[in-house]
Amino acid sequence: MTFSVPFWIREFVLLELLRPVYLRQVQQRLLARYPPGCVCRKGITRLCIEGFPRSANSLAVRLFCFANDVPVAHHTHLINNVRLALAYGIPVLILVRNPLDAIVSECIYGKRSVGDEISSWISFYEYLEQVRDRVVLADFDYT
């Protein structure tokens, strides 16, 4: 028999009881893979803009940075960057594109299989569904 821990309990344990250790590990892993400007950093980052690849991430970041001279975490395409932002109280803008369009575009651009991209898309937005009341969603068609 398999026991599944409800989302809210898992998040409470990870982000409340083990918060300092968990956040430090997440940030270190992201900083090892991405430039510091892309990763949410407490006291530095003013906004986190994330989305599945091929969802107008570059356009949104460039337009925002053109209008606002503030540090923006972006382009990791990972939920952990969103987790950091929410834990640090940093506003989060999530870019959402039609799944079929985003997946097909990423398959062409990234040369990964359709199955891999579908799994990645589901994983990315599955977490965001749980925190949708704490983030701002921006529709690709209106961005």
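The values are calculated or read from the model by the stated rules, or taken from the named source; none is laboratory data. Nothing here was measured: the structure is a model prediction, and the numbers come from that model. All Cβ positions, even for glycine, are placed from backbone atoms using ideal geometry, and neighbour counts span all protein chains on display.
Here are some notes:
- Neighbours by Cβ (under 7 Å, 6+ apart or cross-chain): first from segment 118-135, hydroxyl-bearing (Ser, Thr, Tyr); second surrounded by 15 or more Cβ atoms within 10 Å (Cβ to Cβ) and in a helix (DSSP H, G or I): Tyr127/Ile79
- Pairs with Cβ under 6 Å, 6+ apart, first in segment 63-85 and touching a residue at least 40 places away in the same chain (Cβ under 8 Å) and more than 25 Å from Leu18 (Cβ to Cβ), second among the hydroxyl-bearing types (Ser, Thr, Tyr) and part of a loop (DSSP other than H, G, I, E, B): none
- Qualifying residues in segment 1-56 (those that are at pLDDT 85 or above and among the small types (Gly, Ala, Ser)) - the one surrounded by the most Cβ atoms within 10 Å (Cβ to Cβ): Gly51
One line per residue, one yes/no per condition, for (1) over 12 Å from the mean Cα position of the chain (by Cα); (2) hydroxyl-bearing (Ser, Thr, Tyr); (3) crowded, with 17+ Cβ neighbours inside 10 Å:
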| residue | (1), (2), (3) |
| --- | --- |
| Val70 | yes, no, no |
| Ala87 | yes, no, yes |
| Pro99 | yes, no, no |
| Gly110 | yes, no, no |
| Val114 | yes, no, no |
| Ser119 | yes, yes, no |
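- Among (1) out of contact with any Cys (no Cβ under 9 Å at 6 or more places or on another chain); (2) within 23 Å of Glu126 (Cα to Cα) - the single one His74 does not satisfy: (1)
- Members of segment 20-62 found to be among the basic types (Lys, Arg) and either touching a strand residue (DSSP E or B) at 6+ places or on another chain (Cβ under 8 Å) or closer than 25 Å to Gly110 by Cβ (or both), listed by number: Arg29, Arg33, Arg41, Arg46, Arg54, Arg62
- Which numbered condition Arg112 misses (of (1) modelled with pLDDT under 85; (2) closer than 17 Å to Leu137 by Cα; (3) not polar (S, T, N, Q)): (2)
- The test for being surrounded by 17 or more Cβ atoms within 10 Å (Cβ to Cβ), under 28 Å from Phe7 (Cα atoms) and under 16 Å from the mean Cα position of the chain (by Cα) holds for Leu93.
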